[in-house]
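A short worksheet on the structure shown next.
The values are calculated or read from the model by the stated rules, or taken from the named source; none is laboratory data. Computed from a prediction, not measured in an experiment: that's the story for all the values here. We place every Cβ from the backbone using ideal geometry, glycine too, and count neighbours over all the protein chains shown.
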Amino acid sequence: MNQEIQTRIDRLRSGDARALARAISTVENRAAGWSELLKALFPHTGKARVIGLTGAPGAGKSTLVDQLAKHYRKENQTVGIIAVDPTSPYTGGAILGDRIRMQDHYSDPGIYIRSMATRGSLGGLARATADAATVLDASGRDLVMIETVGVGQDEVDIVRLADVTVVILVPGMGDDVQTIKAGIMEIADIFVINKSDREGAERVEREIRAMQSLAARNDHWTPPIVKTVASEGVGTTELAEAIANYEAYLKEENLVFKKNVENWQERLVEMLRDAMLEKARAQMGGSIERYAAEIAEHKRDPYSLVEEIVRALATTT
């Protein structure tokens, strides 16, 4: 390890907020030395608990994260928050709405908030979110909370990254069954019905119970349902207890390592896919536009082309 990287790591692990921000920017932007930095940080990871919070837009995710952060700070736990925002179509950056909503924490050195743009990434997570979580973990944070962008039913990437996944629902947003079915239903370790003072909260709870009765989880855990009114701080303590109960269950059933292995299987596939895609793009250079034109004109078929590119990659590896 060169001296410059070691100095950056020492500063980051000593609590230097500026060093932490620069490290996250380095890995997010794939700037020079990003890979070496992550390799050097990895031995310092594995201690932080990662909590993912997901749900449809307007469910109150940011407000709930804000309340949870306050709760954990009262217990003297340090917190890192990654808020994944939609990419602006004009600037290509994050809109930063979550940072605005959580600005009460800026004077607290025990809380670090980072907004990240999705940059076109699907599944509710920015591509570099996992790397940013690694940096926060290595910096010594006790807890890392990841708030996803809120793309709805397909928002399942968080399960590859989080130790505990919280799915947030609200009553009165149209067809509640549509909101909680399929993938988003299956990833929840805990359900939260936020804005539970609204009419229809009981109906949402009944629908969750009904769907839970149709499918059993491999770990035999039944996700609890916690009702909150995040804007008033109601239910935050109960949610923190539910998170602690699930973590305790994983330890009791010796499932922590198994869950970790499963998460890394998914992440390794994703990392390999990204690496191979970048290599393919680099090898094609400016040819991709020409290839696309040839396919559009039906001069060649895309299936044979992809096979040719894969063969070419295989010969250069």
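A compact table of results
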item	result
Output for the stretch 218-241, where each listed residue is within 20 Å of the chain's Cα centre (by Cα) and either of a type in the set (Val, Ile, Thr) or within 12 Å of Leu68 (Cα to Cα) (or both)	Leu239, Ala240
Single unsatisfied condition, Arg209 versus (1) without any contact (Cβ under 8 Å) to a residue 12 or more places away in the chain; (2) assigned to a helix (DSSP H, G or I); (3) surrounded by fewer than 13 Cβ atoms within 10 Å (Cβ to Cβ); (4) not polar (S, T, N, Q)	(1)
Cβ pairs under 8 Å, 6+ apart, first in the stretch 234-256 and closer than 16 Å to Arg73 by Cα, second in a helix (DSSP H, G or I) and among the aromatic types (Phe, Trp, Tyr)	Ala240/Tyr72
Pair list, Cβ under 9 Å, 6 or more apart: the stretch 30-51 residue under 18 Å from Asp10 (Cβ atoms), other residue surrounded by fewer than 17 Cβ atoms within 10 Å (Cβ to Cβ) and small (Gly, Ala, Ser)	His44/Gly140; Lys47/Gly140
Scan of the stretch 1-18 for residues that are buried (at least 19 other Cβ atoms within 10 Å of the Cβ) and either outside any helix (DSSP H, G or I) or under 23 Å from the mean Cα position of the chain (by Cα) (or both), ordered by number	Leu12
Count of the stretch 193-206 residues which are part of a helix (DSSP H, G or I) and of a type in the set (A, V, I, L, M, F, W, C)	2
Cβ pairs under 6 Å, 6+ apart, first in the stretch 177-205 and outside the structural domain of Thr222 (by TED's automatic domain parsing), second modelled with pLDDT under 75 and surrounded by 15 or more Cβ atoms within 10 Å (Cβ to Cβ)	none
Answer residue from the stretch 95-139, given it is part of a loop (DSSP other than H, G, I, E, B) and of a type in the set (Ser, Thr, Tyr) and is modelled with the highest pLDDT among those	Ser139
Criterion: of a type in the set (Lys, Arg), within 16 Å of Thr165 (Cα to Cα) and out of contact with any helix residue (DSSP H, G or I) (no Cβ under 6 Å at 6 or more places or on another chain) - qualifying residue of Arg217, Arg206	Arg217
Selected residue (only one of Ile24, Ile81 is crowded, with 22+ Cβ neighbours inside 10 Å and not in a helix (DSSP H, G or I))	Ile81
